[in-house]
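Remarks on the structure that follows.
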Amino acid sequence: MTKFTKVLPLFFAAVVLLASASASQAAKSVEPSCCAPEPPKPCCYEPCFNYKTHRLFVKKACPCSCSPPTEAILQVTDPRCNCYVDVPVCLPSCCEGVPCITSRCGMFKRGIVEYEWCCGFKVKVVFKGCDKVDVHYYGL
């Protein structure tokens, strides 16, 4: 029997021991308490809203809408601090269903959240500074 055949069983025993230790460590790190995302909380500031309607170079979303717009409140999560703000908006009557929502942090520490409906209407909410929120309408 050579030295290699004597060391080989010890090597496999060490590999099995390390594998079982890493498996138990992986099981500890997959506990739901450490991996669950924290739900957003209400923001601690009272926002000041500024509404802007962009009509130049924008395709009109609902050209044949005769119904009045619908008032709604969007609960928008600020991507900078994981807190939400209730944003009152007016939506065209043709906006139905769930919008496509995208959020990101922009330049100058701004949080940007965009809502786009399949009719082409889009609302962009920009969190600026501490309590300033700009709401942009596209497609009216």
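Some notes on this structure:
- Checking Tyr115 against (1) exposed (fewer than 13 other Cβ atoms within 10 Å of the Cβ); (2) touching a Pro at 6+ places or on another chain (Cβ under 9 Å); (3) part of a strand (DSSP E or B), the condition it does not meet: (1)
- Within region 64-80, the set of residues being exposed (fewer than 14 other Cβ atoms within 10 Å of the Cβ) and closer than 24 Å to Lys41 by Cα comprises Glu71, Ala72, Ile73, Gln75.
- Here Gly129 meets the list (1) modelled with pLDDT under 85; (2) within 14 Å of the chain's Cα centre (by Cα); (3) not aliphatic (A, V, I, L, M) almost entirely, failing just condition (2).
- Some residue of region 25-47 being within 23 Å of the chain's Cα centre (by Cα) and modelled with pLDDT of 85 or more: yes
- Scanning region 76-98 for residues that are over 20 Å from Val133 (Cα atoms) and either in contact (Cβ under 8 Å) with a residue 24 or more places away in the chain or part of a strand (DSSP E or B) (or both) returns Pro92, Ser93, Cys94, Cys95.
- Answer from Cys94, Cys130 - the residue that is loosely packed, with under 15 Cβ neighbours inside 10 Å and of a type in the set (A, V, I, L, M, F, W, C): Cys130
The values are calculated or read from the model by the stated rules, or taken from the named source; none is laboratory data. Remember, it's a predicted structure, so these values are computed and weren't measured experimentally. Glycine gets a Cβ as well: all are built from the backbone with ideal geometry, and neighbour counts include every protein chain shown.
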